[in-house]
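Data first, discussion second: the structure below is written as structure tokens.
Taken together, the values in this text are just the output of simple stated rules run on the coordinates, not laboratory data. In this text, all values refer to a predicted model and were calculated from it rather than measured experimentally. When we count neighbours, we look across all protein chains shown, and the Cβ atoms used for this are built from the backbone with ideal geometry, even at glycine.
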Amino acid sequence: MIFVPLSFSIHILKLMLIMSLCCGLARAAQAQQEMEVHLLLAFDVSASVNDEEFNLQRSGTASAFRSASVANAIAEAPGGIAVSIIQWSSITQQAMGLDWVYLGSTDDALSYADQIDAMPRHLPGGGTMIHAGLDFAARQLETAPGTARRRVIDLSGNGQADDKEKMLESRDQLLSQGVVINGLAIEEDLDDLTQYFYSFLIGGTGSFVVTASDFDTFHEAMEIKLHREINGPIFGQGPQPDIAIVKALGQKG
């Protein structure tokens, strides 16, 4: 039988306590560090979005987080990012899809993609009350963890607002608080939703619209949008517009 001196055991215990304390301090420092962005994704689940189309939104977003461009952007973002997903439709029909999660590495991005794949649809349908979605998103932004240099709402939709004036009021209120609003226009009805989002929805420094020709191309548009949102506004040497329309195969502005 081997006997371990009491003094040696105490020494080992002290080392374990010190290591545990250091790990705790590292996690606390990470939590307190200012993040690059608080990013809230707002999914359209109105009556015009059937279950198959919702699945394409969900799987397309998961695919975007698994892409090298988005996962690497997350890993390289100073302080990491925090992301949340809501689902919106009518005035009284909004729901949390996924609560706030901190992402700071490619592994975090891949793990979050799995969570998105498992996210159920919480609302069966309803109107296209974009202002209600924006108001709900604004309340969720207030619950984001820590602090971030930017706050961004990323709204996806396949139709115009049922109440345009209220949408404008909600948008202007958010912009006055420094929140950036971007849009992903799903152009399945050929009603120039991209231009509508450009004119009446998006706003803030570096805001933009990405166009998906239909739900089948949603994943490509979402990858473009997430990469740009995580990296932040892109400013060239010359003057640039505050807002832009970004196509799946290029960009304007």
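Placing unit charges on the Cβ atoms of the charged side chains and taking the dipole of the range 36-252 about its Cα centre, the candidate lying farthest along the positive direction among Met119, Phe43, Ile230 is Ile230. When only Cα pairs below 8 angstrom with a gap of at least 6 residues are kept, the range 36-252 shows a relative contact order of 23 percent. Classification of the range 155-214 by its C-alpha gyration tensor yields an oblate form. The axis ratio a/c (a ≥ b ≥ c) is 1.5 or more, and b/c is at least a/b. The peptide list 182-189, 72-79, 119-126, put in order of mean Cβ contacts within 10 Å with the highest first, becomes 182-189, 72-79, 119-126. The Cα center of the range 204-232 and the Cα center of the range 56-94 differ in position by 11 Å. The modelled label-to-label distance for the pair His122/Lys164, using points 7 Å beyond Cα in the direction of Cβ, is 3.1 nm.
Can you give the % of DSSP beta bridges in the range 36-252 that are antiparallel, to the nearest 5? Each step should come with its number before you reach the end.
Numbers: 11 of 39 bridges.
DSSP beta bridges in the range 36-252 are roughly 30 percent antiparallel.
Starting from 0.36 nm per residue, how many nanometres of slack lie between Leu110 and Gln173 once their C-alpha separation is accounted for? Could you put the intermediate results ahead of the total?
Values: separation 63, 0.36 × 63 = 22.68 nm, distance 3.42 nm.
Length difference between fully extended and current span is 19.3 nm.
The calculated FRET efficiency for Thr147 paired with Asp51, based on their beta-carbon distance and R0 = 25 Å, is about 0.10. A simple count of charges around Leu40, restricted to other residues whose Cβ falls under 9 Å of its Cβ and scoring Lys, Arg +1 and Asp, Glu -1, yields 0. For a distance above 28 Å, tell me the whole-number percent of Cα pairs in the range 36-252 that qualify. Considering the range 36-252, 18 percent of its Cα-Cα pairs are separated by more than 28 Å.
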